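Reading through the structure tokens given below for one structure.
FYI, it's all coordinate maths here, none of it is from the lab. Remember, predicted model here, so these are calculated numbers, not experimental data. Neighbour counts run over all protein chains shown; Cβ positions are idealised from the backbone, glycine included.
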Amino acid sequence: MFKDSKELAQLIDHTLLKPEATPTDIGRLCDEAVRYSFVTVCVAPCYVEMAASRLKETAIRVCSVVGFPLGNSSISVKIVEAMEALKHGANELDMVINLGALKSGNEGYVKNEVLNLVNVCQKAVLKIILETGALTPEEIVRGARWVLEAGAKWVKTSTGFNYPGATPKDVRLLKKTIGDRGFVKASGGIRTLAAVESMLKAGASRIGTSHGVSIMREHLGLKDQAARSTKRSS
């Protein structure tokens, strides 16, 4: 499915958002991102400046989160959080949508929230987390449509906290809803190469996972096996 390992790595946001993560852990995350050429590291807001400094001589981008993981901060707080992350070096932001507003059908609030973050992130990639594990199919479709109508281009399945993570079914539904007008990031519970491939086949353009290293090792191992098999048969 991938022409080389770098193509796979460039689809992965190498993620560490556990609340107990230490600076040492973040340093290791950044070093792993360099080793495998992941497209981003995704870290909590308090570690953005550290990650940006550590990766400043590389092409690896820094992603952080807004309103994470519950999504029920006020719009004003989310704006400030986004501005702080960008100021300290974030290139991409993943914002958790207000789930209560989405589930209750409050279109105005949801669109206003997304539009405000779009305005803040004019030079950064903004992904909106719908938390699909907490939503019905109808709510997933509604959320994706509102996100696009408010000006954002990326919808993300899950935080990986509190609710079930990404499923190929939900990714397919998101991609069917947004079509070529936007992109889908699948995250939450993606631990194997097979899971990555299933999400990409369903329509995802980016994978968020804390298992990036083991996925890359699995892929490299399969490549080595294939190379040895080809050598034996020639």
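The figures follow:
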quantity: Tally, over the range 34-61, of residues that are touching a Gly at 6+ places or on another chain (Cβ under 9 Å) and among the acidic types (Asp, Glu); calculated: 1
quantity: Residue within the range 152-163 that is farther than 22 Å from residue 101 by Cα and of a type outside the set (Ser, Thr, Tyr) present; calculated: no
quantity: Odd one out for residue 151, checked against (1) buried (at least 24 other Cβ atoms within 10 Å of the Cβ); (2) out of contact with any Phe, Trp or Tyr (no Cβ under 9 Å at 6 or more places or on another chain); calculated: (1)
